[in-house]
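One structure below.
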Amino acid sequence: FFYFWTEYYIENENGDDERGIELWKTNGKPSQPIRVKSFEDSPCSEMIYFKGNIYFSSSESIHGDELWRTNGKTSGTLMFKDIFYGKSGSSPRSFTIFNDELYFTATDEEYGRQLWKTDGTTLGTVLVTNLNWDYFYETEIWRGQISYLTALDSKLVFCIDLGTACLM
């Protein structure tokens with residue numbers, strides 16, 4: 001199946017605009033695509049297939065932007081892990097499969113944006129390590145942000161953004 005997002009705007013009978021985001025799937029045949037789930041706030045920023053499921057980040061009003069998973073069915077489309085409790089959300093990004101685990105970046109309250117991984121279970125979804133690089137820039141202390149994950153041969157490569165340079 002191929003998964004995709006749609007965004008719609010509808011003017012209801014009161015003249016108010018309604019907005020929605022929906023996850024759809026299709027097998028590529030001319031038959032009608034199937035709606036998997038409607039979301040109230042925003043579409044995912046990324047999607048990746050891992051161990052029989054699609055993992056993605058999406059936002060809703062209670063938890064913010066968090067890690068979700070779908071098996072292609074409405075009942076099987078659920079928030080997978082609430083990493084940053086509350087409405088802020090962890091904003092999972094940079095999904096990369098490496099050594100049979102799914103690596104990604106996410107923000108938590110204690111360490112900021114960090115490297116996380118999952119083996120496909122909620123208990124196996126953990127912070128890899130605290131990779132914060134604090135540095136002094138002009139008159140302030142800045143915290144480096146991890147990004148741009150990629151698997152390269154037998155290594156997981158990523159960037160730590162230091163504002164003016166990127167360490168790899």
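The values are calculated or read from the model by the stated rules, or taken from the named source; none is laboratory data. The structure presented is a predicted model; accordingly, all values stated were derived computationally and were not measured. Surface accessibility is based on the protein's heavy atoms, side chains included, excluding ligands, DNA and RNA. Shrake-Rupley method; radii C 1.70, N 1.55, O 1.52, S 1.80 Å.
Within the straight-line cut-off of under 23 Å between alpha carbons, the lysines reachable from Lys87 are Lys37, Lys117, sequence neighbours fewer than 8 places apart in one chain being disregarded. When the surface is traced with a 1.4 Å probe over the full set of protein chains, Lys81 keeps roughly 50 Å² accessible.
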